[in-house]
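See structure below.
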Amino acid sequence: MSSLQSFIAVSTSTANDLRHLFRLNGQKAPPSTQPYFPRISCCFVSEDTQKSAPSISTGNRLLSAKSEDLIEREKRVLMGTYVRAPVVLVRGKGCKLYDVDGMEYVDMAAGIAVNSLGYGDGEWVKAVAEQAKSLAHVSNVYYSEPQVILAEHLVEYSFADRVFFTNSGTEANEAAIKFARKFQKVSCDSDTHATEFVSFSNSFHGRTMGALALTSKENYRLPFEPVMPGAKFVKYGDIDGAKKAIVPGKTAAVFVEPIQGEGGIHSATKEFLQTLRTACDDAGALLIFDEVQCGLGRTGYLWAHEPYGIVPDIMTLAKPLAGGLPIGVALTTEKVASAISYGDHGSTFAGSPLVCHAALTVLKRIKDPSFLSAVTNKGLYFKELLTHKLGANSHVKEVRGLGLIIGIDLDVLASPLVDACRALGLLVLTAGKGNVVRLVPPLIISEEELKQAADIIERCLPALDADSVQ
């Protein structure tokens with residue numbers, strides 16, 4: 001399997017009115033009587049990367065009065081944790097999004113790999129409306145049928161025997177950390193037991209304190225140290241390093257993404273994952289697959305680990321499962337679940353009837369073999385198309401990916417290209433260290449829309465020459 005890259009990052013800057021520069025037909029342009037909007041970079045890009053970004057501007061991004069007003073209001077009331085692209089989105093349909101001024105965008109971001117069924121899907125809307133009418137939330141003090149049915153389906157379609165629901169990916173990973181610690185405590189005959197964790201370079205497991213400790217980028221961790229102790233990092237794919245790091249009596253669990261997301265869309269080799277499985281078994285450690293971003297059909301397989309034929313002890317899920325509603329899941333074997341007792345973990349909102357009923361609709365659609373086959377075929381088509389259109393450009397080092405998670409690796413920062421694409425009606429993300437364009441569209445996207453996206457990216461490549469500063 002090829003190496004993939006997809007850092008969850010959105011870097012934006014001011015952009016020329018490239019709709020006019022490149023004369024792309026069929027797109028609505030917002031009014032031209034707007035104030036200038038300054039260059040920005042999203043918080044998902046490291047502070048160091050932002051500081052090193054070139055100061056050369058590609059032009060001026062004009063905003064309508066409506067957009068400017070909302071952006072100014074946001075600054076006054078929200079915490080300054082996000083630096084957003086200067087777009088105010090108001091509605092979506094299928095794989096298209098529309099801003100407050102009526103500008104249409106082909107969405108190749110899908111809410112950061114969340115909206116697998118796109119926007120306004122009929123079955124999903126019906127499921128949400130029906131459940132909202134009857135019962136939206138009751139807490140986990142009581143039983144609810146949608147939660148049990150969704151858990152039954154997740155167990156049926158995966159390696160797992162047990163399910164724990166959360167509200168997000170980072171919460172799912174926090175649950176996995178607690179389950180691993182408790183498993184080791186219960187399994188150990190002595191007073192001391194394994195408490196450490198192994199993670200990998202370019203990893204991203206979340207922003208809460210435990211998951212943050214397993215996230216490799218120092219700029220995420222340093223402002224909040226001390227984080228959870230006992231985490232060590234090994235180079236992703238380093239078989240010998242992993243063998244040395246997994247120590248009996250010390251290593252509680254190994255966290256790994258079969259296909260890294262935020263770290264740059266790197267995919268593991270079968271040999272690497274098999275080494276981790278064997279080393280964990282020998283050391284009595286748990287193997288935890290983080291499929292928050294790469295799971296649930298994104299690769300053309302229901303689970304990203306499927307083609308490897310290697311099974312974890314715990315798998316975490318989140319992003320696409322509920323079609324845009326907040327959900328996270330930790331799936332475990334019976335061996336792990338047997339160590340967990342009443343009161344060991346919990347959540348007020350997790351597994352609500354509303355979210356679970358929506359998630360069941362999404363899961364039933366995605367797990368269908370014909371749906372997954374279509375994702376595989378569209379991914380192959382799109383990657384080949386991008387390679388053909390972009391391969392000759394001197395800034396394009398590689399087009400890589402699996403299914404509909406594709407990265408365009410550049411020798412310069414990708415933000416000028418991202419901005420140019422947005423101005424022409426295409427939403428894409430940056431990845432890696434800001435040098436990868438990440439493409440994670442809704443899984444229902446058509447070949448026609450993929451071709452439209454490829455055409456826009458090709459037209460916008462000159463933006464890289466304008467800002468080609470290393």
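Under 8 Å for C-alpha pairs, at least 6 residues apart: give me the relative contact order for the chain, rounded to a whole percent. Mind dumping the intermediate values first?
Numbers: 1058 pairs, mean separation 116.2, N = 470.
Contact order relative to length: 25 percent.
Mind ranking Met228, Met103 by accessible surface for me, highest first, 1.4 Å probe?
On the way: Met228 35, Met103 0 Å².
Of Met228, Met103, the descending order of accessible area is Met228, Met103.
How do Arg221, Arg438, Arg73, Arg91 stack up against each other in accessible area, from largest to smallest, with a 1.4 angstrom probe?
Working: Arg221 30, Arg438 0, Arg73 115, Arg91 140 Å².
The residues order as Arg91, Arg73, Arg221, Arg438, largest area first.
Rounded to the nearest whole Å³, what is the per residue volume of the convex hull around the Cα atoms of segment 398-443?
Working: hull volume 2.9 nm³, N = 46.
For segment 398-443, the hull spanned by Cα atoms encloses 63 Å³ per residue.
Please quote Rg/Rh for segment 301-386 to two decimal places, taking the Kirkwood radius as Rh and restricting both calculations to Cα atoms.
Numbers: Rg = 16.2 Å, Rh = 15.4 Å.
For segment 301-386, the value is 1.05.
May I ask you to give the average projected area over all directions of the convex hull of the Cα atoms of segment 118-244, in nm² rounded to one decimal?
Working: hull surface 49.1 nm².
Its average projected convex-hull area is 12.3 nm².
So what is the diffusion coefficient of segment 69-115 in µm² per second by Stokes-Einstein at 20 °C and 1.002 mPa s, using a Kirkwood Rh over Cα pairs? All intermediate terms of the calculation are to be shown ahead of the outcome.
Numbers: Rh = 12.1 Å.
D, rounded to a whole number, is 177 µm²/s.
Kindly identify segment 234-374 as rounded, prolate or oblate by the Cα gyration tensor criterion: order the square roots of the eigenvalues as a ≥ b ≥ c, call it rounded if a/c is under 1.5, otherwise compare a/b with b/c, prolate if a/b is larger, else oblate. Working shown, then result.
Working: a/c = 2.23, a/b = 1.31, b/c = 1.70.
Oblate, since a/c reaches 1.5 and b/c is not below a/b.
For Lys433, Lys451, give the ranking by accessible area with the largest first, probe 1.4 Å. Could you put the intermediate results ahead of the total?
On the way: Lys433 145, Lys451 90 Å².
So the residues, ranked largest to smallest area, are Lys433, Lys451.
For an R0 of 41 angstrom, estimate the FRET efficiency from the Cβ-Cβ distance between Leu222 and Thr387 and round to the nearest 0.05. Please list the in-between numbers first.
Numbers: r = 38 Å, r/R0 = 0.93.
The computed FRET efficiency comes out at 0.60.
Let me check the size of segment 196-254 from its C-alpha atoms; what are the radius of gyration and Dmax in Å?
Cα only, segment 196-254: 11.2, 32 Å (Rg, Dmax).
Based on DSSP H runs of at least 4 residues, each adding -39500 (n - 2.57), what is the mean residue ellipticity at 222 nm of the chain after dividing by all its residues, to the nearest 500 deg cm²/dmol? Before the final figure, lay out each step's value.
Values: 17 runs with 170 residues, N = 470.
Using -39500 (n - 2.57) per qualifying helix, the result is -10500 deg cm²/dmol.
What's the magnitude of the charge dipole for the chain around its Cα centre, counting Lys and Arg as +1 and Asp and Glu as -1 at the beta-carbon? Answer in Debye, nearest 20. Let's see the in-between values first.
Details: 47 positive and 51 negative charges, 125 e Å.
Roughly 600 debye, rounded to the nearest 20.
Please report, for the Cα atoms of segment 138-205, the Rg to one decimal and the Dmax as a whole number; what are they, in angstrom?
Both quantities, over Cα of segment 138-205: 15.4, 41 Å.
In nm, to one decimal, how far is the Lys451 label point from the Tyr342 one, both placed 7 Å along Cα→Cβ?
6.2 nm
Using Cα-only point scatterers and the Debye equation, what is log10 of I(q)/I(0) for segment 308-452 at each q in 0.09 Å⁻¹, rounded to two decimals?
-0.42
Out of every Cα pair in segment 106-179, what percent are spaced more than 22 Å from each other? Show your work: numbers first, answer last.
On the way: 1121 of 2701 pairs.
Of all Cα-Cα distances in segment 106-179, 42 percent exceed 22 Å.
When we measure straight from the Cα of Lys243, which aspartates and glutamates land under 16 angstrom away, once same-chain ones fewer than 8 places off are left out?
List returned: Glu196, Glu271, Asp281, Asp282.
Just the projected area, averaged over all directions, of the convex hull on the alpha carbon atoms of the chain: how many nm²? Don't jump to the answer; show the numbers that get you there.
Values: hull surface 87.9 nm².
One quarter of the hull surface, i.e. the mean projection, equals 22.0 nm².
Could you tell me which of Phe371, Phe159, Val440 has its Cα farthest along the dipole of the chain towards the positive end, charges placed at Cβ (Lys, Arg +1; Asp, Glu -1), taken about the Cα centre?
Ranked along the dipole, the leading option is Val440.
Need one number: the % of Cα-Cα pairs in segment 199-297 sitting beyond the 24 Å mark.
Values: 856 of 4851 pairs.
The calculated P(r) of segment 199-297 puts 18 percent of pairs beyond 24 Å.
What's the FRET efficiency of Lys133 with Thr81 using the Cβ-Cβ distance as r and R₀ = 30 Å, to the nearest 0.05?
On the way: r = 35 Å, r/R0 = 1.15.
It comes to 0.30.
Just to be sure I understand the curve: with the Debye formula and one point per C-alpha of segment 369-470, what is log10 I(q)/I(0) at q = 0.18, 0.24, 0.25 Å⁻¹?
Summing over Cα pairs of segment 369-470 leads to -0.78, -1.35, -1.46.
The values are calculated or read from the model by the stated rules, or taken from the named source; none is laboratory data. Note that the structure is a prediction, hence the values are computed from the model and not measured. All Cβ positions, even for glycine, are placed from backbone atoms using ideal geometry, and neighbour counts span all protein chains on display. Quick note on the areas: whole protein, heavy atoms, side chains included, nothing else; ligands and nucleic acids left out. Shrake-Rupley method; radii C 1.70, N 1.55, O 1.52, S 1.80 Å.
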